[in-house]
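Below is one structure, written out as structure tokens, with a few remarks after it.
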Amino acid sequence: MQLYFLGTGAGMPSRRRNVSSIVLNLLDECACCWMFDCGEGTQHQILQAPLKLSKFRRLFVTHLHGDHIFGIPGLITSRSNQGAEEPLTVYGPPGIRKFVENCLAVSDSRLTYELEIMEFGEGLIYEDERFTVETARLAHRIDSYGFRITERDLPGSLNVEKLKALGIQPGPLYGKLKRGQSVELADGSVLCGADVIGPNIPGRVVAILGDTKFSPAAIHLSRQADVVVHEATFAKDRSKQASEYYHSTAADAAKVAMLAEAKALVLTHISSRYQEEGEDQLLAEARELFPNTHLASDFWPFDIERKKSGSTIRKES
């Protein structure tokens, strides 16, 4: 599982940062990718990234401000022009259907695949055998949502050493035991699968939050998450301006991660007023409250390894 940042700027593109778009790479988990927000120029960013449009199956939209949605029509039609046949589902607040359908209708765009558009409110909006996605409304000028993506726990590993010590060699019995079944051994004894399977492997939790000022809902979505992605539009010397514009400072983001007892924090949605030195200021202010903070940049990957001893392992790419 990997987060890949296509756009990390706020409001409008700059030379160093495009507007908002994040990819959750789930190729190892379910052979596809999910996108969160799709600002103008996102399809151009994909051309420079190790990603393929054909692998995208779901697009989740935090809110309807242009820097988060103006790239959707181009991405949808380019995906079709490349011959994609697998369906794509777009999830967004009320109004996303009208926006997408009008754009496609006015431009007379025709798709090679099935496009489904689902408008949501708060609560559980998606689940399958591997993941659930729930939302909550944050604190922005218009309805803006955060997402909590939860991976279901995986079954524990088979204790092969114990089985071999019992004289059981690899074969069909291993499969039955792995499924939790009981098997009868050659000596007539019965071995239960539960006795040779380790504890479940905890699933990972990712919180991706839309534009917001400091919000209790953000804390709720981020509780004990492996990683929280939170906007950091301003430094703390502009905290009044941040609140007036319904945005967050880097310190606000750190406070959310700290109160939620999250494992890691990634800052994004950075104002173009902060160049390299200013970015260092944002990172330093966040780390004062939450040391395990990272500052995203365009084309930056963040790998989320499985939990070990209660910690999230961050592997550098």
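Listed here are the residues, each with its yes/no results for (1) in a helix (DSSP H, G or I); (2) touching a residue at least 60 places away in the same chain (Cβ under 8 Å); (3) under 19 Å from the mean Cα position of the chain (by Cα).
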{"site": "Ala257", "(1), (2), (3)": "yes, no, yes"}
{"site": "Glu261", "(1), (2), (3)": "no, no, yes"}
{"site": "Val266", "(1), (2), (3)": "no, yes, yes"}
{"site": "Glu279", "(1), (2), (3)": "yes, no, no"}
{"site": "Ala286", "(1), (2), (3)": "yes, no, no"}
{"site": "Pro291", "(1), (2), (3)": "no, no, no"}
{"site": "Ser297", "(1), (2), (3)": "no, yes, yes"}
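When residues in region 193-219 are screened for being modelled with pLDDT of 85 or more and either among the charged types (D, E, K, R) or over 30 Å from Tyr246 (Cβ atoms) (or both), 6 of them pass.
Look at Leu104 and say whether it is surrounded by 15 or more Cβ atoms within 10 Å (Cβ to Cβ), at pLDDT 95 or above and over 24 Å from the mean Cα position of the chain (by Cα). Before you say what the answer is, go through the steps one by one.
Details: surrounded by 15 or more Cβ atoms within 10 Å (Cβ to Cβ): yes; at pLDDT 95 or above: yes; over 24 Å from the mean Cα position of the chain (by Cα): yes.
Against the criterion (surrounded by 15 or more Cβ atoms within 10 Å (Cβ to Cβ), at pLDDT 95 or above and over 24 Å from the mean Cα position of the chain (by Cα)), Leu104 qualifies.
Residues that are at pLDDT 80 or above and either in a loop (DSSP other than H, G, I, E, B) or on the phi > 0 side of the Ramachandran plot (or both) within region 174-186 comprise just one, Gln181. Among the criteria (1) within 21 Å of the chain's Cα centre (by Cα); (2) closer than 20 Å to Thr135 by Cα; (3) touching a residue at least 24 places away in the same chain (Cβ under 8 Å), the one Pro216 does not fulfil is (3). For region 21-52, a residue qualifies if it is hydrophobic (A, V, I, L, M, F, W, C) and surrounded by fewer than 20 Cβ atoms within 10 Å (Cβ to Cβ), and the qualifying residues are Leu27, Cys30, Ala31, Cys32, Leu47, Ala49, Leu51.
The residues of region 144-193 that are crowded, with 17+ Cβ neighbours inside 10 Å, of a type outside the set (Val, Ile, Thr) and in contact (Cβ under 8 Å) with a residue 24 or more places away in the chain, listed by number, are Ser144, Tyr145, Gly146, Phe147, Arg148, Glu151, Leu158, Leu163, Leu191. Selection over region 110-159 of residues that are modelled with pLDDT under 95 and outside any loop (DSSP other than H, G, I, E, B) gives a count of 2.
The values are calculated or read from the model by the stated rules, or taken from the named source; none is laboratory data. Given the structure is predicted, the values throughout are model-derived calculations rather than measurements. Backbone-built Cβ (ideal geometry, glycine too); neighbour counts: all protein chains shown.
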